[in-house]
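Below you'll find the structure, written out as structure tokens, and then a few comments.
Read-outs throughout are calculated quantities, based only on the coordinates presented, and are distinct from any laboratory measurement. The shown structure was predicted, so the numbers you read here are calculated from the model rather than taken from an experiment. FYI the Cβ positions are ideal-geometry reconstructions off the backbone, even for glycines, and counts take in every protein chain you see.
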Amino acid sequence: MASKRCIVTGGCGFIGSALVRRLCREGRDVLVVDKLTYAGVKESLKEVDGLYDLLVADICDQSRMDRAFAEFRPDTVFHLAAESHVDRSIDGPGEFVRTNVVGTATLLQSALAWWRKNPAFVFQHISTDEVYGSLGAEGFFTEATPYSPHSPYSASKAASDHLVRAWHDTYGLPVRITNCSNNYGPYHFPEKLIPLVILNCLDGKPLPVYGKGANVRDWLYVEDHVSALCLVNEKGADGETYNVGGHNERTNLEVVQAICATLDELRPRAAGPYSDLITYVADRPGHDLRYAIDPSKLMDTLGWRPAESFDTGIRKTVRWYLDNDWWWRPIREQRYAGGRLGAKV
């Protein structure tokens with residue numbers, strides 16, 4: 001049965017805000033818990049103003065999390081609060097360990113105390129395919145793939161996954177874990193590849209491609225991811241892990257070229273094709289070659305199917321950024337102008 005009272009940690013972030021918008025539209029009661037760091041953008045919830053409650057708090061604050069559970073009385077926590085950018089984790093790994101590891105452990109303790117008094121409850125943990133490490137040219141990540149993280153970000157998320165499983169195995173806390181491939185779509189903070197390339201195109205800036213652009217990712221439209229999260233919440237089994245992927249593998253260079261081609265059609269550039277702006281830069285340290293998810297378990301057991309292909313999803317995404325500079329322009333001007341991160345080693 002779908003949860004009615006949901007805490008969403010990181011609900012002002014990219015995936016979190018998409019989930020909150022969905023839950024609010026479905027009439028659920030939602031408490032957003034967000035520290036509102038640089039990537040927490042309250043304006044991402046403008047569509048559902050007045051339909052959710054917001055608690056500005058740090059998930060590492062045990063007493064505040066305990067009170068949030070006691071006062072809101074949730075039947076689900078969707079745990080998305082995390083530091084999430086690999087390049088930033090290279091520059092400052094400590095904050096990733098604090099938020100992703102210590103914060104998850106803190107939240108688990110609050111959830112455990114709440115569940116012991118209110119057993120109709122589930123802790124739903126949202127994670128990443130990066131915990132599995134790097135694939136060769138063939139094969140896919142499954143739920144049984146051993147963990148092999150290679151960046152401070154992926155290591156911190158792997159640790160958080162292990163903690164969630166440990167609280168289930170040791171204490172019996174009902175949990176569900178999802179590991180997703182790379183998300184994209186509206187309201188994506190412009191430090192990530194797809195929004196960065198779109199906005200650099202619009203500003204006439206270079207389009208940085210790491211190495212030769214040969215690294216492969218499996219791309220998942222954010223609304224398809226949210227539909228999977230809601231389905232796991234409604235029909236998933238406690239203690240289970242579900243991989244969520246879009247079957248949309250592309251090299252980074254192919255992604256950049258697709259954005260350029262879409263913008264050439266939707267907003268032609270007087271100076272010539274947007275692909276002229278592509279610039280190759282030194283590769284990221286520890287850059288995994290390929291990620292690809294096998295979502296068969298989610299599809300076969302719960303009936304999930306993605307609605308968007310990469311071609312349809314990227315077109316929707318480019319169109320959204322063209323139509324919504326009210327959201328991204330203040331971010332580019334005040335929070336992040338598009339400079340390279342993660343070059344310090």
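In the stretch 1-80, Cα pairs under 8 Å separated by at least six residues give a relative contact order of 41 percent.
Quick one: angle between helix 62-72 and the longest Cα principal axis of the chain, in degrees between 0 and 90, rounded to 10, please. With rounding to tens, the tilt is 80 degrees.
All other residues whose Cβ lies under 13 angstrom from that of Ala292 are scored, Lys and Arg at +1 and Asp and Glu at -1, for a net of -4. Modelled this way, with points 7 Å down the Cα-to-C-beta line, the labels at Asp238 and Ala261 are 4.9 nm from one another.
The alpha carbon centroids of the stretch 111-153 and the stretch 62-110 are separated by 14 Å. Against the chain, whose longest principal axis comes from its Cα atoms, helix 310-323 is set at around 80 degrees. Angle of helix 14-25 to the longest C-alpha principal axis of the chain, folded into 0 to 90 degrees and rounded to 10: 60°.
Extent along the principal axes, Cα only, for the stretch 8-96: 40, 30, 17 Å, with the longest axis given first. In the chain, helical runs assigned H by DSSP with n ≥ 4 each contribute -39500 (n - 2.57); averaged across all residues and rounded to the nearest 500, the mean residue ellipticity at 222 nm is -12500 deg cm²/dmol. For the pair Asp283 and Trp327, a Förster radius of 51 Å applied to the C-beta separation gives a FRET efficiency near 0.95, rounded to the nearest 0.05. Relative contact order of the chain, taken over Cα pairs closer than 8 Å and 6 or more residues apart, is 19 percent. Based on C-alpha pairs under 8 angstrom that are at least 6 apart in sequence, the stretch 23-180 has a relative contact order of 23 percent. Charge tally for Ala70 (other residues, Cβ to Cβ under 15 Å; Lys, Arg +1; Asp, Glu -1): +1.
In this structure, the residue pairs whose Cα-Cα separation is over 21 Å, taken from Lys46/Lys316; Lys4/Lys117; Lys117/Lys235; Lys157/Lys205; Lys157/Lys192; Lys35/Lys157, are Lys117/Lys235; Lys157/Lys205.
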